[in-house]
Structures are given as structure tokens and as C-alpha cells.
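Quick notes on the structure that follows.
The values are calculated or read from the model by the stated rules, or taken from the named source; none is laboratory data. These numbers come from a predicted model, not from an experiment. Positions of Cβ are backbone-derived with ideal geometry, glycine not excepted, and every protein chain shown enters the neighbour counts.
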């Protein structure tokens, strides 16, 4: 609880849950909490994730790669229920010692390899397929700069603004004001960038767009934290133009459905392109 006159102790000790929606899975130690073998599918890439913004980054890229004709990018997407602590199973921790989704097992080469952290997975796949990454030095540098901008900035939006605005067990004015200001500053950075170009890193669609859109694009579209009005997102006209354009891409729409546990057309697991519209289900517009 927020206590008037609270002073931090000289040495912090974890004595009780911190409160909020994720208190049952938050703890100050790492490593597996139980034995749990991860399932394996038939495809070269095995993705273990949930359809959060960080998870969407990777499923959007996989769907864009397949739409672009890269048949070797076929993947199995297995659901990791982070609210139930699946990320602390021994099999998942072997893939990602940090116990965060998404995690990828790449079996496309001579030896399987693990890749964790969403930005690293995007870069790994873009380089493997020579796709959605500029090939010239200047374009590559710009793309990577914006990719890592997202990696560094999103914690202020998710763990900062989103946590205190939505998930914290009580509303703390200072915390909400602090992170709302930073969220709006970041939106302003993007709006000024997109005023000069069609996509984040230039005139071509790249992994920078795929990394940023699930967080900031969906935020201005009213799909993240229900905070569009609170943050006055109508002010960011260039971000809105870009967000709406990407939302119309079929591969983006498919990627947003994978590993989701609720919502329109959600698809908890994906093992084949036919999983999106199986026989008996009306095709989506």
C-alpha cells in the first residue's frame, strides 16, 4: 500500500506479494519452478509465446514472411499462459533463462538454436530470410536504431504507464503522471518521424514497424490499455495514419490472432495456415 511518509528500508526484503494483477507470478528470483517439457511440432521454427504486444511482433513477422513467399518460415506457435506461470516451466526456462515470452527454437539449420527476446528474434529471422531489413548500410542502421528504440522505450509504456494505469492495485497519481508524460513524449517522437516518411525507418516496411506497431500502433487505435482518450492520441495524426495502414495488412491481422486466448478470431495455437479458417468456419473478410 502507498503509506504516507514511507521510507524505503536499508535492505529490501521480499516479504509479501506486491499486489496487482500479476502478483502471483512476480518474484525476485529466476529459474524453473516446475518440470515441464515443451511440445514440438513439425515445422522448422517452434515459437512459444502468448498474444501480447511482444508476442505479436514475432507472429506478425512470421505471417509476413510466409505472405512474401518464404515457405521456409513455416512455424508452430505454442501457447504459453503467462498468467498461469507456464514461463517458469523447465522447458521454457531452457529456451529463455529470463522467463519472458516470446522464445523461439530454430531447427532450420544443422543444430537447433534458441533465440529469446522479441527484438533478437525479429533480427534473427530478418537476417535468415534477407527480408524486411534494408540491405544498404545506412538503411540497416536506421532500421536497427528504431528496432532498439522500441526495445528500450516499451518498458516505459508497458511496465510503466500500463502497469500503473491499469494493473496496479491502487491508482498512484505521481506514477501515472510520470509515465503518461513519457508515453506521450514517445508518441510525439514517432509522430514527427512518420510526418516525413511512410514507414518508421523510411519508405519500406521493415521489422522496425513490426516491433513498434503492436505497442504504439495498437495504443492509438484504442486496443491497448483503453487509454486512447486519456492520452489524447488524436493529436498524433501521422501515427494514426501509419497504425491504420498496418492494421489493414492481412499478415498483420493473422499475426494478431496467434496465441491469443480471447478476442475476435483468437487462435491459441497455430500449426498450419489452414488453422486460421478451418473447414466449417466462415472465412473472415
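Only residues that are buried (at least 17 other Cβ atoms within 10 Å of the Cβ) and over 18 Å from residue 251 (Cα atoms) were counted across the range 129-139, and they come to 1.
When each of 95, 104, 79 is tested for being closer than 25 Å to residue 199 by Cβ and either outside the structural domain of residue 63 (by TED's automatic domain parsing) or crowded, with 17+ Cβ neighbours inside 10 Å (or both), the lone residue that passes is 104.
Among the candidates 125, 157, the residue that is surrounded by 22 or more Cβ atoms within 10 Å (Cβ to Cβ) and touching a strand residue (DSSP E or B) at 6+ places or on another chain (Cβ under 9 Å) is uniquely 125. Within the range 36-51, no residue satisfies the criterion of being under 14 Å from residue 271 (Cα atoms), in a loop (DSSP other than H, G, I, E, B) and within 13 Å of the chain's Cα centre (by Cα). Name the residues in the range 154-175 that are in contact with a helix residue (DSSP H, G or I) (Cβ under 7 Å, 6 or more places away or on another chain), touching a residue at least 24 places away in the same chain (Cβ under 8 Å) and more than 19 Å from residue 220 (Cβ to Cβ), would you? Once the filter is applied, which keeps residues that are in contact with a helix residue (DSSP H, G or I) (Cβ under 7 Å, 6 or more places away or on another chain), touching a residue at least 24 places away in the same chain (Cβ under 8 Å) and more than 19 Å from residue 220 (Cβ to Cβ), the range 154-175 yields only 172.
In this structure, is residue 164 part of a loop (DSSP other than H, G, I, E, B) and over 16 Å from the mean Cα position of the chain (by Cα)? Show your work before the answer.
Numbers: part of a loop (DSSP other than H, G, I, E, B): no; over 16 Å from the mean Cα position of the chain (by Cα): yes.
It is false that residue 164 is part of a loop (DSSP other than H, G, I, E, B) and over 16 Å from the mean Cα position of the chain (by Cα).
The number of residues in the range 167-197 being surrounded by 15 or more Cβ atoms within 10 Å (Cβ to Cβ) and in a loop (DSSP other than H, G, I, E, B) comes to 1.
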